[in-house]
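S.K.: Pasting a structure here, questions to come.
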Amino acid sequence: MFGINTPELIVIVIVAVLVIGPKRLPGYVEMLKNLIREVRKMASGARETIKEESGLDIDDIDWKKLDPRQYDPRRIIREALMDDDDVAALNSLKAAPGAAIASMMGKDSNENAIEAATPAAPEIERLAEGQRAPFDVEAT
């Protein structure tokens, strides 16, 4: 709770008892109890207000769909630019990649579609042993 562990909480309570004093302590405990009740009432009232105004129960909302980590602008733009048939084929790509690519490309053979859709791996140029890497003086 608030990054306070048990020994620190005990020290805070002891200091509060010493500072407040035994005569005023019951009054402050009562005020704390009333504050907690009011906060709970406000939280339940806010929940009811949200339920009335939005028409949704907070427990029924699928929070995973609203997670900002699910936001992928590339996917959203791709789906916006594609036809409905292409989106359906793209969604079926997860289940059967070869068939979905073939249907998107209008090919009959799965192998041709996969070969056409798979980009060639770029060839990596290796330095000879003992050769120093190129150095750009202006870049550093």
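What follows draws every value from the coordinates through simple rules; no lab data is involved. Fair warning: this is a prediction, and the values are worked out from it, not measured in the lab.
S.K.: Spelling out what I want: for every residue of the stretch 75-80, take phi, set θ = phi - 60°, compute 6.51 cos²θ - 1.76 cosθ + 1.60 (Karplus), and round to whole Hz; glycine and proline get x.
M.R.: Per residue, the Karplus-derived 3J(HN,Hα) values read 5, 5, 5, 4, 5, 5 Hz.
S.K.: Let me ask something else about it. Largest first and in whole Å, give the semi-axes of the stretch 10-58's equivalent ellipsoid, each being the square root of 5 times a Cα gyration tensor eigenvalue.
M.R.: Details: eigenvalues 276, 23, 5 Å².
Working from the Cα gyration tensor, I get semi-axes of 37, 11, 5 Å.
S.K.: Same structure, new question: Please compute the length gained on full extension between Asp59 and Ala46, using 0.36 nm multiplied by the number of residues separating them and subtracting their Cα-Cα distance.
M.R.: Numbers: separation 13, 0.36 × 13 = 4.68 nm, distance 1.38 nm.
Gain on stretching Asp59 to Ala46: 3.3 nm.
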